[in-house]
Amino acid sequence: MRARMALKYAGIQVEHREITLRDKPKSMLLVSPKGTVPVLCIDGLILDQSLDIMRWALEKSDPDGWGEVDKEVSQTWVEKNDGPFKVLLDRYKYPNRFPDLNQEDVLNNAIELMLKPMEIALQSSKYLMGNKKSLVDVAIFPFIRQFAGVNPQRFEGLPLPSVKTWLNQHLESDLFNSAMDKHPTWLD
């Protein structure tokens with residue numbers, strides 16, 4: 001999702017190939033043997049990490065300055081999201097895979113690690129890095145969306161009004177909605 005959003009934002013036209021992960025096309029595995037999505041193939045360049053695709057797209061075109069942020073702070077947010085928060089998110093989303101974990105502890109750890117710091121940052125600005133949207137917001141948004149979707153009623157009850165406002169801004173944005181267009185499944 002974040003790669004799609006960055007490509008749309010940057011105005012980069014791509015041929016979108018929706019795949020079924022259980023039946024990966026041979027053409028995809030030829031260019032990216034690890035078989036994960038997304039994969040971007042342009043002029044011999046192969047990028048198979050969504051964050052790399054985002055950064056590449058912003059190097060090509062960044063009309064609103066998403067990349068004009070403190071690199072160190074930006075990297076700290078993204079690494080926390082893509083590392084320990086993603087681990088907690090998977091444990092929260094798939095409790096049957098982690099039956100020995102206390103789900104309440106997993107939830108509380110995720111809130112302490114990511115959502116409370118976000119709430120604090122968003123109380124003084126509209127976005128995580130200030131008053132304009134940045135790479136950080138778009139990179140983190142899909143994960144917070146997933147977290148909120150695990151148990152929407154529980155999420156609504158959390159004392160995180162700024163995070164909820166931030167999330168809703170993204171969910172209602174034209175960029176997100178256009179990036180979520182449905183595509184037919186690609187067959188070789």
Condition set touching a Phe, Trp or Tyr at 6+ places or on another chain (Cβ under 8 Å) and not β-branched (V, I, T), scope region 94-112, selection farthest from N151 (Cα to Cα): answer is A110
* Regarding L89, is this residue free of Cβ contacts under 8 Å to residues at least 40 places away in the same chain and part of a helix (DSSP H, G or I)? -> no
Within region 122-136, restricting to residues that are in contact (Cβ under 8 Å) with a residue 40 or more places away in the chain and assigned to a helix (DSSP H, G or I), the one that is surrounded by the most Cβ atoms within 10 Å (Cβ to Cβ) is L135
Condition set more than 15 Å from the chain's Cα centre (by Cα) and among the small types (G, A, S), scope region 58-89, selection surrounded by the most Cβ atoms within 10 Å (Cβ to Cβ): answer is G67
The residue that is modelled with the lowest pLDDT, considering only those in region 152-178 that are among the polar types (S, T, N, Q) and touching a helix residue (DSSP H, G or I) at 6+ places or on another chain (Cβ under 7 Å), is S178
_Here is a check on your reading of the model: is D23 loosely packed, with under 14 Cβ neighbours inside 10 Å, outside the structural domain of N131 (by TED's automatic domain parsing) and among the acidic types (D, E)?_
yes
With the first residue restricted to region 39-62 and required to be in contact (Cβ under 8 Å) with a residue 40 or more places away in the chain, and the second required to be of a type in the set (S, T, Y), Cβ contacts under 9 Å at 6 or more apart or on different chains are A57/Y9; L58/Y9; S61/Y9; D62/Y9
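For region 141-164, enumerate the residues that are loosely packed, with under 12 Cβ neighbours inside 10 Å and either basic (K, R) or farther than 30 Å from M28 by Cα (or both). Break it down into steps so the answer makes sense when it comes.
Within region 141-164, the first condition is being loosely packed, with under 12 Cβ neighbours inside 10 Å, and the residues that meet it are 149, 152-154, 156-157, 159, 161.
Within region 141-164, P152, Q153, R154, E156, G157, P159, P161 qualify.
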Going through (1) closer than 22 Å to N177 by Cα; (2) over 16 Å from the mean Cα position of the chain (by Cα); (3) part of a helix (DSSP H, G or I) one by one, L113 fails only at (1)
Note on I46: of the conditions (1) surrounded by 14 or more Cβ atoms within 10 Å (Cβ to Cβ); (2) in contact with a Ser or Thr (Cβ under 8 Å, 6 or more places away or on another chain); (3) more than 22 Å from K86 (Cα to Cα); (4) not aromatic (F, W, Y), unmet is (1)
For region 32-43, the count of residues that are out of contact with any Asp or Glu (no Cβ under 8 Å at 6 or more places or on another chain) and exposed (fewer than 14 other Cβ atoms within 10 Å of the Cβ) equals 4
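The values are calculated or read from the model by the stated rules, or taken from the named source; none is laboratory data. Keep in mind that this is a model prediction, so the values were computed, not measured. Backbone-built Cβ (ideal geometry, glycine too); neighbour counts: all protein chains shown.
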